[in-house]
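Notes to accompany the following structure.
The values are calculated or read from the model by the stated rules, or taken from the named source; none is laboratory data. Only a predicted model underlies this, so the values are computations on that prediction, with no experimental measurement involved. FYI the Cβ positions are ideal-geometry reconstructions off the backbone, even for glycines, and counts take in every protein chain you see. Each accessible area value is taken on the protein alone, full model and side chains, heavy atoms only, with ligands, DNA and RNA left out. Shrake-Rupley method; radii C 1.70, N 1.55, O 1.52, S 1.80 Å.
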Amino acid sequence: MGNMNFNIGADACVAINPANGEMIGSIPKTPLEAIPAIFEQARKAQLIWGSKSYSERAVHIRKMREYIIANADHIAEVVSLSSGKTRIDALATEVLPCTLACNWYGSNAARVLRSERREASSILWIGKRSAIEHEPLGVVGIVSPWNYPLSIPFGEIVMGLMAGNAILLKVAAVTPMVGLAIEEIVAAGELPEGLFHHIVGSGADVTTAFFNHKIDKVFFTGSVSAGKDLMAQASQTLTPLSLELGGKDPMVILEDADLERAANGAMWAGLQNSGQSCAGIERVYVHESVYEQFIEILSRKTRALRQGVPDADISVDIGSMTTRKQQRLVEKQVNEALEGGAKIVAQAQCDAHPDGFFFPATVMTNVDHSMSLMRDETFGPVLPVMKFRTEDEAVALANDCTMALSASVWSKDTARAKALARRIRGGVVAINDHLYTHGMSDLPWGGPGESGIGRTHGPEGLFEMTRPKAINWDLLRAKNNLWWYPQDKETYNTLKVALRLGSPRSPLEFVVSLIRVLPVMIKRMYFSKG
């Protein structure tokens, strides 16, 4: 279980609290020479685990859920200290979704992945019967990011386990203590020894080891550039990938929207976790008739936010960013926008620690699509707002992006909002809300374009954790088939008639074709001597 207790001395991943620069712990790296033994253990354990029923697997998942609930305060603290997000943020967007994942996958995997009978698709296959089975992949690798270091990998862990797989987890190097917390959660599930391993180390080294040892699939969440590099590497071994990559989510506010709710939703979905959400709002488009009113409400609410070092007393609304690199990227985009004529109209009260990675929650106007702030993923607490005149213009602006993870439409007219949602590219388009469907275990997660490949969560996520196998059998117990040997002119002519038997233009043509084909089929299937 876990990192197999290899002792590597000082070679460790060190965890720093990004809100104040304090060291919170370290974990020894997994030596690369241990990887072959890890794979061997995982494959042996998977054979045992894969033979268990879904109900048997669910017992272990429920044990993990109960551990999470009993230790929610401790887990939320570890997540908060590791990422810079607040305790409420950690509890609501990390801990709670983990329990919901245990509930849904534990209760629904058997239904989703049950054997499916397929009826014969043509009269020509009248004697055939088929079933589709969903087999475990085997050993699955999960490479997870630092922005949601608990809920993103844990949901995939539960999916993978309920589908019957062994799991090799690689968490982000800047949040290793969350990886340790996941180890403790999984240990509470009392899985077969060797079924789960937390591998600590360089992402490039670990993924290379995954491919070299013929891992059955890799689930990666991260940047677009890293996803492309991983895909190029996976092509060398034809390793399947599921990639959840970037987002540049648009928020479209129509003239009949509840502006108070829209402003509250924009702050939540754009500034929560210091804006470091793949599906956070990064572009806001407001109808020109309510633009000024919306800006006034949003600015007033943003100025009232408290931003600073998170603590157990919940004294702040927004914490720090997680890495210095990301903080500098946000600064760069904002400065470039200001140079291009953009304006900052509101910022939160930010009591930043001198050693922390803070950027004040910011509302900006006078922005346009020539700016990187409106084109490239920002991943920071910035809300740039533009106005539009028509729905067509709003759709064009929303779809003017290479990424399409999620989006939202805000209107009191649900039917109108649904119609507009269908025109906006995205894996998820919500109405009058945003940044919550990742926590809904029954819905697929992912998006087109540079937002990635494949889906996690929901039935679609469970299918991604399996490979379909068709099992086909014959009821007629024939000695021969029409197209088997020996072949002759009669075979050819009968097959030509069968073209119309399978695709008749009328009932009469069907009957005539059947009368011509059936005697030959019976003769060849039961009386041919070969």
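Tabulated values for the structure
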read-out: Every residue from the stretch 37-55 that is open to solvent by 60 Å² or more (accessible area, probe 1.4 Å) and either modelled with pLDDT under 95 or in a helix (DSSP H, G or I) (or both); value: 40, 41, 43, 44, 47, 48, 55
read-out: Filtered residue count, the stretch 341-363, keeping only those that are open to solvent by 60 Å² or more (accessible area, probe 1.4 Å) and in a loop (DSSP other than H, G, I, E, B); value: 3
read-out: The stretch 227-255: number of residues that are assigned to a helix (DSSP H, G or I) and either surrounded by 19 or more Cβ atoms within 10 Å (Cβ to Cβ) or not aliphatic (A, V, I, L, M) (or both); value: 7
read-out: When residues of the stretch 364-420 are limited to those that are assigned to a loop (DSSP other than H, G, I, E, B) and of a type in the set (A, V, I, L, M, F, W, C), the one surrounded by the most Cβ atoms within 10 Å (Cβ to Cβ); value: 405
read-out: Among residues of the stretch 125-139, those that are among the β-branched types (Val, Ile, Thr) and in contact with a Leu (Cβ under 7 Å, 6 or more places away or on another chain), counted; value: 1
read-out: Every pair of residues 6+ apart whose Cβ atoms lie under 8 Å, when the first sits in the stretch 174-190 and is under 19 Å from residue 60 (Cα atoms) while the second is of a type in the set (Phe, Trp, Tyr) and in a helix (DSSP H, G or I); value: 182/154; 184/67; 185/67; 185/154; 188/67; 189/67
read-out: Residue tally, condition open to solvent by 10 Å² or more (accessible area, probe 1.4 Å) and assigned to a loop (DSSP other than H, G, I, E, B), over the stretch 305-321; value: 10
read-out: Sole exception among (1) open to solvent by less than 50 Å² (accessible area, probe 1.4 Å); (2) over 25 Å from residue 197 (Cβ atoms); (3) not acidic (Asp, Glu) for residue 75, by number; value: (2)
read-out: In the stretch 256-298, the residues that are open to solvent by 20 Å² or more (accessible area, probe 1.4 Å) and assigned to a loop (DSSP other than H, G, I, E, B); value: 256, 258, 288, 289
read-out: Top-ranked residue in the stretch 21-30 [being open to solvent by 20 Å² or more (accessible area, probe 1.4 Å) and not in a strand (DSSP E or B); ranked as modelled with the lowest pLDDT]; value: 29
read-out: Cβ pairs under 7 Å, 6+ apart, first in the stretch 445-474 and under 14 Å from residue 158 (Cβ atoms), second of a type in the set (D, E, K, R) and assigned to a loop (DSSP other than H, G, I, E, B); value: 445/455; 458/442; 461/455; 464/455
read-out: Members of the stretch 442-468 found to be over 9 Å from the mean Cα position of the chain (by Cα), part of a strand (DSSP E or B) and among the hydrophobic types (A, V, I, L, M, F, W, C), listed by number; value: 453
read-out: Whichever residue in the stretch 510-530 is at pLDDT below 90 and surrounded by fewer than 14 Cβ atoms within 10 Å (Cβ to Cβ) and, among such residues, is nearest to the chain's Cα centre (by Cα); value: 526
